Structures are given as structure tokens and as C-alpha cells.
Amino acid sequence: MKHMELDEKVIKYTYGQPIETDAVVLGNIKVGENLSYLALEGKSFKYKLKKDIPVYGLGESVRGINKRGWIYESFCSDDDMHTETKRSLYAAHNFIIIAEEKPFGLFIDYPGRLTFDIGYSQLDELVIIPETMDLDLYILEGDTLLDIVKTFRQLTGVSYIPPRWAFGYQQSRWSYKTNEEVRAVAKGFRDNGIPLDSIYLDIDYMERLKDFTIDREKFPDFEELVAELKRDGIRLIPIIDAGVKVEEGYNIYEEGVEGDFFVRDEKGNIFEGAVWPGKVHFPDFLNSKARAWFGQHYACLMDKGIDGFWNDMNEPAIFYTPRAMAQAMQKVEESKDKNIDLGTFFGIKDSFSQIMNKEEYFKEMHHDMDGKCVRHYDVHNLYGYNMTRAAGEAFEKLRPSERVLLFSRASYVGMHRYGGIWTGDNRSWWSHLLLNIKMMPSLNMYGFLYSGADVGGFSDNTTEDLLTRWIQFGIFMPLLRNHTAAWTRQQEPYAFEHTERLKKWIKLRYALIPHLYSEYMKAALEDGMYFKPLAFEYEDEYVREVEDQLLVGESLMIAPVYEQNKTGRYVYLPEDMLLVTFEDEKTYTLTKMTKGHHYVACDMDQLILFVRPGRMLLLGAAADSTKDLDMTSLTGIAYCKEVCHHTYYEDNGMDRQVHLEGHVTEVEIKKENNHFNIKLKNAPCSVLEKLALTLFDNETETITGIQYDI
Ligand code: GLC
């Protein structure tokens, strides 16, 4: 879309003196004079919500796809209890769409604490309350919900694109602590024939939990390990935390002090908090020099063969400050040998149990935003975003032509240009599988396409059936990573009784990578959504309430099973579709299903998905690693009512410079006089050589096998 056209769809209103967030990449947006749609009352924006009109958005947050009926706060929070009464999770995503007949979007570009009361205080009222009136408000218009999303994405920039190997299955745990443990995991997968592309290194690979170091006692041959695994198609992905350990002689600490790269307190001293390594300083990611300094240090691991990272604890998480700890200790000291009354007891208890992530810490911290001193609390939501930006900007220099895997825990609008996100410390709960399903399309609205939750659940012990169902959903998630906490049972697929079953679903993921990667790339390059709620494409009386089925790319609808002890589920079809029931990655049955409600069988040995009419599913052969995937020979399952159209994108999975042009194969099938007319237009860079077509014909319901050599 040309800028002119965009200009007609977005209006910007500025209040007070907003702090630049760099969320928006386009300048010259039309400035509005009189606020339309909303009413400004005092310090809050209000809007009357009509009955049953959904509100979409807020990205990473609790509850449903339709956000009505709760109060949410944008304030990046390190909180591992994602229950439905929470107001904030790790991200701050301030964009919503009000899905009226003429829908409109609202983006509040504000880096501080922002409240969205969406029918919490009053059922039919939306109230948006910033803490201070210094913000840019964007109103986005469009004919459809997808139109508005597209406009929002053009405003905020093109999504991050990971290397294709990042679509492989990834195994993580806090932590695989030694090179023997890492090798044992790789062996566990390879011995069992389970595909695997990455193993994650959590904090224990570091020397005394210090960023950009390697504990040589536990990983004496780190470089060899990286190279050996890579030969086998497995990459090691180390974690990087926001806090830098305070330790004399530690290069990052010393450079940070010397270069004045750390966040300071209100008196001008370097701010000290405590995270995993004990006392740390926080790099001032809001300062461009500090960003460049921190970013270049990723090179020390990249030089050792590392191709991807996850950025953590970047809300930032602060366990305590020396001052808060001293105050808590003081309370204990004062009560020593005394008969402690109720108030004193709870005072002591609270001073420890509530010592983490206190608001006062964020008020003490101060940034040097390239010459301007800004209190951290007022720009809190930009911290994790800018840590990931530091890495992303550095990678552009360190690996100018190749993509690097990168995702973060905390985020703000705009971070999607630099990396993906994972949704933090969920639990091995069935309700969190459902939360994961519902959250994905909301994240996609923001361009966080490369995202996912910890598959199997992070905290608490998972069960085999939960892991199986989660992997069955995770097959469709771009970031498919099984990760778990230090205190939980083993969660690798080979640690369970029915390893073969888990294996076949992971193999199905690999068979689907040509299709899923292609859908991902189209969504990224066309500012679209990879995961969509049904209501973004269909309009009928039911779809708005369907939140446990999703559209994946242009061709598929999925209906994951997310409850225990179920051998199937109810599915709503907004139009006729072709049901594909997989028994394993190679075996499937096809059934034509009519629009409406159905009960569909799907025990743990089956996986269901639906192909939309006029669309096609592409299936390849599984492999142990993405490096061995054959992208040249695919099977196409087409639901060809009258016509069927599919665009298949392919590239080398590595180049940073990407565009659709030259990389797409267009498949067009038309049924004419009881005969299928197949046209295939291959792009110059296309690799597709063989396409075995299974055409599902609506009238006769016959299936034809056609081998198409290109
Ligand atoms: C945080 C992360 C989690 C990680 C742990 C240890 O809780 O969210 O994924 O395993 O820190 O680094």
C-alpha cells in the first residue's frame, strides 16, 4: 500500500509530551484535530460498547480472544502465575480493534502503565487510562478487521523472520547443565528417531550466571560440541539475561561501568538490583550507545558457532535491591527474641514475599535516553523491547546476510521487527494449553508471528497426555519449543511411555514445514496474520464465539483437543471443509464435512485439521532435522470445489533479504467438464519439482491421485 492510502486510514492525536518509543516506523501520519470515536473525560478515553460487539487485541494477556469483561494493564511483569485474574503478563501490547459493523482500531503509543478497562467497571464501557497524559493515540480505520491489522503493521514495520531451521522441533529445560547432559539429550532424540533442530542452554551454561561467559568446567569443549551437534542438524541456543553480574574483573561489568552503560538511580549512582547471579547492574538499553555496546557482545557466542538466542528477565525482573533486603532483614533483627504479634509477623512475611519486582525499584531506576534523563517507571514497557533491539541491530552487522534466531520474554509494540516472543513461565495445566491457543492470534495482530508458549508447560509436572495434546497444537505454532522448569519431571518426548506416539506427531510437524513455513513467510511479507480467529474471515452468528479453533494461514482451520480424557471434540465449520484425520505423518483419511456443528473423533493417536474449500494443504516427508527436509517433492491435498488456488513460497531459509517475488509457485486447479485443469506457474527461484496431487472433488466426492512433474 502506498503511503497516501495509509494516510487515509490512520489519524494521530498527540497529548502532552510523549516519549519517543520507536514503535511506529512511518512518519507524516495525518494529525487529527477533534478526537473522533472516543470521548476524552479527564485523563481517560471512553467509548460506549454496543451489546455483543467484540474487542480484539492486547496481544499477550490473559482470558479470551474477545477481551471484553476484564481489566488489563500494560505493564511488563515478571509473574509466573498466569491466572485469569491477573491484569498484566510480560508484555505491553496496546492495540485493540473494536469489531463494530464499521470496525476501527486504537493504538495507544505510551511506554508507561496503561489500563484498559473493557467492561470491568461497567459492562458496556471501554475506558483507557494512561498514568500521565503524554501519549500518541492512533485511530485506524478499515473495511475489515484484517484491513485494520494490515494498516497497523504497516505503521509499525515488517515482522522478524527467523531462519527456517527455527521451525524445527526444539527441546529445552532449565537446565541441561553440562556437555554430557546436552549430548545425552541429542542422543535421546537421535536414538529414538525423533526429529530435533535445537537444544536450549538455560542459565547454567554460564560461568557464575554471567552473560556472555561459558562455564568451562561444565562445557570444556563448547566449540566442539556446537560444531558436532550442528553437523547432526542440531543447534544450541543460549539464554541471555538482562542483568549484568557485579563482579570485579568481569569484562562486561567493567566495560559497562567504564562506558557509563548502566541504568542509574535517582542520585546518579549505578542502580543495583539482584537477579539470578546475585547483584547486577542493568544495561541502559534505552541509550543507543549502550545498546550497541551490549549487542556486539553476542558476537562472542556467535564466533563459537551459535546461531540463535533467547533474551530473558527483561521486564526487567528484579528479585530485590540491597536496600529492600536490608529493610527486610532489619525487621527480622528488630523482632529477634520478641513475642511476635500478628501485625509484626505479617510485616516480616510480606517484606520478603513481596520483595520481588517492586514498583519502587522501577521508580529508582533512571535512563539516559540519548541525552534525556528519564525515570524507568515512565518507560518501563520499553526495556525488554530495547534489549532485543540491541541484539537485532547487532546481528544486522555481525551477520549481514544471514538470519539469526531471536526471541524475548518482555516486549512492546515494534519489537516484532527484531525478534519473536515466548509467553514466559506458564504451567503444565490444561487451561494453559487453551490460553496458548487463544493468545496466538492476538500476538499475530502485532506481528509477533514467530512466537509460542512453553509446550508441555513450564512449571509443575506435565502428564503424557497433556504433552501429547500440546505438541499436537504446537505442530502449528512457529516456535515449537518444549521447555520446563528446574523442579519438574523430565519432559523430553522420550521420557514417556508412548514415545512412538509423540514421535509421530513431531514427525508430522516436519512433514508440514514446507506448508507452514510458506504460510509464515506470506503472512510476514504481506503484513498478514498466520494465526487468525475465525471471526476475522467469516461472518455468521456463531463464529464470534468460537475461540478454540483457529485459522492457520490461508488454507487451514485447526480444532485442537485441549481437555483431558477426550477422544474427540465439537467443531464448528463456518463453511464446508475437508477434514484430514492423520493417523501418523504419512497416513490420513479425508472426509467431506458440511457447514455446521459436528462431533469429530480425535483420540491421542489421531490429529485433525480442516482444509478450506478452494484451498490446498502441502505435505512433505519428515526428516530428522530441517536440514534434511526435501522441499522439492510434495503432496498437495486440495479441496477443489470448482477451483483451487495455492501459493507456495520457498527460499533457502537463511537469507536475510527476502521477498515473495521470484519465490512463489502458483498452483491453480479448475474443474471443467468433469476434468481437472491444472496450471502451475513456477517462479525462477522455486525448488518445487514434483507435486503429487490428491484432489477432492465436491460433487462426486472422488479422490484422484495425480503425479505432476515440473
Ligand atoms: C525464567 C524464564 C524461564 C527460564 C528461567 C531460568 O523464569 O522465563 O524460561 O528457564 O528463567 O533461566
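The values are calculated or read from the model by the stated rules, or taken from the named source; none is laboratory data. If you're wondering where the values come from, they're calculated on a predicted model, not measured in any experiment. Cβ placement follows ideal geometry from the backbone for every residue including glycine, while neighbour counts extend to all protein chains displayed. To get the accessible areas, we keep the full protein, side chains included, count just its heavy atoms, and leave off ligands, DNA and RNA. Shrake-Rupley method; radii C 1.70, N 1.55, O 1.52, S 1.80 Å.
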Checklist entry - Taking 0.36 nm per intervening residue step and subtracting the Cα-Cα distance, what contour gain separates ALA486 from LEU40 on full extension? => result 155.7 nm
Item to check | Point-to-point label distance, GLN296-CYS685, nm (Cα→Cβ direction, 7 Å offset) | outcome: 3.2
Item to check | Using distinct alpha-carbon pairs, which all enter the 1/r mean, Kirkwood radius of the range 3-156 in Å | outcome: 15.8
Item to check | Å² per residue, accessible surface of the chain at 1.4 Å | outcome: 37
Checklist outcome for this item: Relative contact order as a percentage, the chain, C-alpha pairs under 8 Å and 6+ apart, gives 12
Checklist entry - Hey, any idea what the orientation-averaged projected area of the convex hull of the chain's Cα atoms comes to, in nm²? => result 32.7
Checklist entry - What Cys residues in the chain are without a partner cysteine, judged by a Cβ distance under 4.7 Å? => result CYS76, CYS300, CYS373, CYS602, CYS685
Checklist entry - Could you give the length gained on full extension between GLU181 and GLU497, defined as 0.36 nm per residue of separation minus the Cα-Cα distance, in nm? => result 111.7 nm
Checklist entry - Amide H of SER77: which non-local residues (sequence gap of 5 or more, or other chain) have their own amide H closer than 5 Å, using H built in the peptide plane? => result LEU89, TYR90, ALA91
Checklist entry - In percent, how large is the relative contact order of the range 520-709, given Cα pairs closer than 8 Å and 6 or more residues apart? => result 15
Item to check | Chain lengthening between VAL31 and HIS659 when straightened (0.36 nm per residue, less Cα-Cα) | outcome: 222.9 nm
Checklist outcome for this item: Once Lys and Arg are counted +1 and Asp and Glu -1 for all other residues with Cβ under 9 Å from that of ASP265, the total becomes -1
Checklist outcome for this item: Rounded to 0.05, the calculated FRET efficiency for the beta carbons of LYS670 and ASP143 at R₀ = 30 Å is 0.55
Checklist entry - Which whole-Hz ³J(HN,Hα) couplings does the range 31-41 yield from phi under the Karplus relation 6.51 cos²θ - 1.76 cosθ + 1.60, θ = phi - 60°, glycine and proline marked x? => result 9, x, 9, 9, 4, 9, 6, 9, 10, 9, 10
Checklist entry - Given the convex hull over the Cα atoms of the range 520-709, what projected area results after averaging over all orientations, in nm²? => result 12.0
Next on the checklist: 5 Å is the cut-off here: which amide hydrogens, built 1.01 Å from N in the peptide plane, fall below it relative to LEU49, excluding neighbours closer than 5 in sequence?
Outcome noted: GLU125, LEU126
Checklist entry - Roughly how big is the chain's charge dipole about its Cα centre, with Cβ charges of +1 (Lys, Arg) and -1 (Asp, Glu), in debye to the nearest 20? => result 420
Checklist outcome for this item: Low-density loop trypsin sites (Lys or Arg not before Pro), the range 40-84, at most 15 other Cβ within 10 Å, DSSP non-H/G/I/E/B, are LYS43, LYS50, LYS51
Item to check | In sequence order, calculated HN-Hα J values of the range 95-109 (Karplus, 6.51, -1.76, 1.60; Hz; x Gly/Pro) | outcome: 10, 9, 10, 9, 8, 6, 3, 10, x, 8, x, 10, 10, 9, 8
Next on the checklist: I'd like the carbon and sulfur percentage of the solvent accessible area for the range 3-156, probe radius 1.4 Å, heavy atoms only, ligands and nucleic acids excluded.
Outcome noted: 48
Checklist entry - the range 9-41: which trypsin sites (Lys or Arg not before Pro) are DSSP loop and have at most 14 other beta-carbon atoms within 10 angstrom? => result LYS30
Next on the checklist: What are the ³J(HN,Hα) couplings of the range 355-372, residue after residue, when phi is run through the Karplus curve with 6.51, -1.76, 1.60 and θ = phi - 60°? Round to Hz, x for glycine and proline.
Outcome noted: 7, 7, 6, 6, 4, 4, 4, 5, 7, 6, 6, 9, 9, 10, 7, 6, x, 10
Checklist entry - Which of the GluC sites (Glu not before Pro) across the range 177-259 are loop residues per DSSP, with 11 or fewer other Cβ within 10 Å? => result GLU217, GLU248
Checklist entry - Add -39500 (n - 2.57) for each DSSP H run of 4 or more in the chain, then divide by its residues: what number comes out at 222 nm, to the nearest 500 deg cm²/dmol? => result -7000 deg cm²/dmol
Item to check | Rounded FRET efficiency, nearest 0.05, which uses the C-beta distance separating ASP576 from GLU334 and R0 of 56 Å | outcome: 0.15
Next on the checklist: Quick check for me: using +1 on Lys/Arg Cβ and -1 on Asp/Glu Cβ, what's the dipole size of the range 3-156 about its Cα centre, in debye to the nearest 20?
Outcome noted: 340
